[in-house]
Amino acid sequence: DVNNTLKGKRKLVCSQCRKSFSSSFHLIAHKRIHTGAKPCKCRRCGKSFGKKSTLVAHQRIHLEERPYSCCVCGESFRQISSRIAHKRIHTEGKPYACPECGRNFSLKSSLVAHRRIHTEGKPYMCLACGRRFGQKSALVAHGRTHKGEKPYA
């Protein structure tokens, strides 16, 4: 292991691949990738895993535990990633959902712009008349009216 200093913190580096870590815990867990060590063993079936979190997810199979449910149809899943993938069937190609109102968007940038109505309101203000807008593009189009231009012509 090579120790370096970065921003006042010790930096631990894997001697095999040079990937760096901020804690010895994470470095030790990472080294299992190179050694193939799987110290986390399921008591029920004997299957072994490299990380405790993977073992915990595996154990849900034995418990038939499905803690992640779809808010649309109620179907339950063992892993949150499975629920996220499932929710796409309800969104008709619009995978980006607003957590405030549930509206879905096909582009992440559209969701980001939409979310301003719930949080920031209308941050873009016209310096000529004081009118406010939720999107910069709307302010730019509005600004043309002060110059005598027809923004939508």
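The values are calculated or read from the model by the stated rules, or taken from the named source; none is laboratory data. As the structure is a computational prediction, the values presented were derived from the model and not from experiment. With ideal geometry, Cβ positions are generated from the backbone for all residues, glycine too; neighbour counts draw on all protein chains shown.
In the condition set (1) at pLDDT below 85; (2) within 33 Å of the chain's Cα centre (by Cα), Ser110 is compliant with all but (1).
The single condition among (1) modelled with pLDDT of 90 or more; (2) within 30 Å of Ser76 (Cβ to Cβ); (3) not aromatic (Phe, Trp, Tyr) that Ala29 does not satisfy is (1).
In this structure, does Glu100 turn out to be loosely packed, with under 12 Cβ neighbours inside 10 Å and farther than 30 Å from Leu27 by Cβ? Yes: the conditions hold for Glu100.
Taken over the range 103-138, residues that are of a type in the set (A, V, I, L, M, F, W, C) and within 19 Å of Glu92 (Cβ to Cβ) amount to 3.
Gln59 meets each of the listed conditions (1) loosely packed, with under 13 Cβ neighbours inside 10 Å; (2) assigned by the TED database to the domain that holds Ile28 apart from (1).
Could you please let me know if Arg43 is surrounded by 13 or more Cβ atoms within 10 Å (Cβ to Cβ), farther than 30 Å from Lys136 by Cα and charged (D, E, K, R)? Criteria not met by Arg43. Any residue in the range 76-91 that is exposed (fewer than 14 other Cβ atoms within 10 Å of the Cβ) and at positive phi? Scanning the range 76-91 turns up no residue that is exposed (fewer than 14 other Cβ atoms within 10 Å of the Cβ) and at positive phi.
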